[in-house]
Amino acid sequence: MGKISHLECRECHRHYPAEKLYFCPECFGPLDVKYRCEEVDWRKDSFQHAPKNLWRYLELLPIEDESNIVNIEAGYTPLIKATNLGRLLGLKNLYIKNDTVNPTFSFKDRPAGVGVSKALELGLKSVGCASTGNLAAATAAYAAKAGLRCYIFVPRGVEPEKITHALTYSPTVIEVNGSYDTANRIAAQAAEAYEIGVVNINLRTYYVEGSKTLGFEVAEQLNWRTPDHIVAPVGSGAMLHAISKGFEELEQIGLISSSKVKFTAAQGRGCAPIVEAFRKGLDFVEPVEHPNTIAKSLAIGEPGDGVYVLRKLRQSGGYAEDVSDLEIVEGIKLLAKTEGIFSEPAGGVVIGALKRLVEEGRIESDETVICLITGSGLKAAEAITPHLPQPLTIEPELETVAQIIAR
Ligand SMILES: Cc1ncc(COP(=O)(O)O)c(C=O)c1O
Ligand SMILES: [Zn+2]
């Protein structure tokens, strides 16, 4: 008997065995992995000798046989007390979860690791993903490590650094003429037709479990407490939903007391369907047909988990904020200048949303706030380069340096 109890439909709550199933055959709702939580004996001191990567939480991850784990040492990233940024904003307990330091420089190493490991467990010979950029390199890196063939579907316009990065691991990269949602649709067809384990489509039920580890780590790093606020960048909404699911599991096994985290969904203004729906009080998400934001990694016009994020925001008493391109750039610069962390636009979105929350008086000064910084700035330099000064070019003469310093 494995640790997975069953897969459960998020809509009609029917149960299914833990197979390669990614939607409910009855009502087409998404499926969630349910564990035999009563058998998980986690205590505060259980993790002293656990691996310093995301697999430290293996008992609540959906891989039954350890030999299928593909490990590139992702996860267990720093939670940094942001004293400078906090002082500036009047927050005494502001933290940055720095997921830019993962092996492929984004949080996507978490879900991709679980997705590719599950592909091995299910006996698949090839994997892939539909990606707004970051998942491409993550999936390709794991596929390389596992020795699996890999097919990456990306929309037009992904940052060149992200394509170069992914290509280096030798997958087949297919650039689809259209938006992310178009690339996603063709990837779904290819998954069916050619038995490809597309991690965020037909392995999605398992894949999303990897993102839970972000929440597990935050709770562990706060000595098994949950914060008051989490500000999360949102594309499909899978990560935010998974983190919340993770907290519910920690509660269920009794490791944390009731979790009252307020989630804020942060999106770029040119593609903010979840923020729009939240503001309008809708319980469905109106798709954005032509996303237009420098936060390309979040540019998902039809977010798969959109309605579930809306529910989580409302249940948790949370918020939703959209951030303009200029505010994104300012957010990137502010985080770099105050905390020494170089983020991609998704992080600029988070910092922009945080500033807005503070301005609107949504956060008490002593509340614990976590900003999820999920991808490195090096992967999207194009977004920030036009907003930076040119370096000063000089002849190698000390006198010129002296003039510069005297300015
Ligand atoms: C850096 C970064 N942050 C956040 C997200 C949003 O994740 P999700 O699609 O699970 O909402 C993405 C998605 O690609 C991303 O690349
Ligand atoms: Zn169902």
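The values are calculated or read from the model by the stated rules, or taken from the named source; none is laboratory data. Here the structure is a predicted model, which is why all the values come from computation and not from measurement. All Cβ positions, even for glycine, are placed from backbone atoms using ideal geometry, and neighbour counts span all protein chains on display. Surface accessibility is based on the protein's heavy atoms, side chains included, excluding ligands, DNA and RNA. Shrake-Rupley method; radii C 1.70, N 1.55, O 1.52, S 1.80 Å.
Just checking the listed ones, Val358, Val199, Val369: in the Gaussian network model of the chain with Cα springs under 10 Å, the one fluctuating most is Val358. Charged neighbours of Ala183, selected by a Cβ distance under 14 Å, balance to +1 (K, R count +1; D, E count -1).
Relative to the longest principal axis of the Cα atoms of the chain, helix 306-316 runs at roughly 80 degrees. Summing +1 for each Lys or Arg and -1 for each Asp or Glu among the other residues whose beta-carbon sits under 14 angstrom from that of Cys12 gives -2. Between 0 and 90 degrees, rounded to the nearest ten: what's the tilt of helix 212-221 against the longest Cα principal axis of the chain? Roughly 60 degrees, rounded to the nearest 10.
Taking label points 7 Å from Cα along the Cα-to-Cβ direction, Ile174 and Glu382 give a separation of 2.2 nm. Taking Lys and Arg as +1 and Asp and Glu as -1, the other residues whose beta-carbon sits under 15 Å from that of Thr226 total +1. Computed in the context of the full set of protein chains, the accessible area of the range 205-244 at 1.4 Å probe radius has 37% of its extent on carbon or sulfur.
Considering only protein heavy atoms and a 1.4 Å probe, what is the carbon-and-sulfur percentage of the accessible area of the range 305-361?
Details: 980 of 1920 Å².
Within the range 305-361, the accessible surface is 51 percent carbon and sulfur.
Relative contact order of the chain, taken over Cα pairs closer than 8 Å and 6 or more residues apart, is 16 percent. Centre-to-centre separation between the Cα atoms of the range 50-92 and those of the range 230-277: 16 Å.
Going down the list Lys20/Lys312; Lys108/Lys379; Lys97/Lys262, which pairs span over 19 Å between their C-alpha atoms? Violating the 19 Å Cα-Cα cut-off are Lys20/Lys312. Leaving ligands, DNA and RNA out of it, report the carbon-plus-sulfur percent of the accessible area of the range 94-204 at a 1.4 Å probe. Result for the range 94-204: 53 percent of the exposed heavy-atom area is carbon or sulfur. Ligands, DNA and RNA are left out, and with a 1.4 angstrom probe the accessible area of the chain is 42 Å² per residue.
Which of the peptides 27-35, 264-272 is most tightly packed, and how do the rest follow, judged by the mean count of other Cβ atoms within 10 Å per residue? Walk me through the numbers before you get to the answer.
Details: 27-35: 17.6, 264-272: 26.7.
Result, highest mean first: 264-272, 27-35.
Quick check on the range 211-264: what does the Kirkwood estimate of hydrodynamic radius come out to from the alpha carbon pairs, in Å? Please list the in-between numbers first.
Working: mean 1/r = 0.0912 Å⁻¹.
It works out to 11.0 Å.
Summed over qualifying helices (DSSP H, 4 residues or more, each -39500 (n - 2.57)) and divided by its residue number, the chain shows a 222 nm mean residue ellipticity of -11000 deg cm²/dmol.
Helix 134-146 axis versus longest C-alpha principal axis of the chain: approximately 60°, rounded to the nearest ten.
Would you mind classifying the range 250-344 by shape? Square roots of the alpha carbon gyration tensor eigenvalues, ordered a ≥ b ≥ c; an a/c under 1.5 is rounded, otherwise it is prolate if a/b is larger than b/c and oblate if not. Walk me through the intermediate numbers first.
Details: a/c = 2.34, a/b = 1.18, b/c = 1.99.
The shape class here is oblate.
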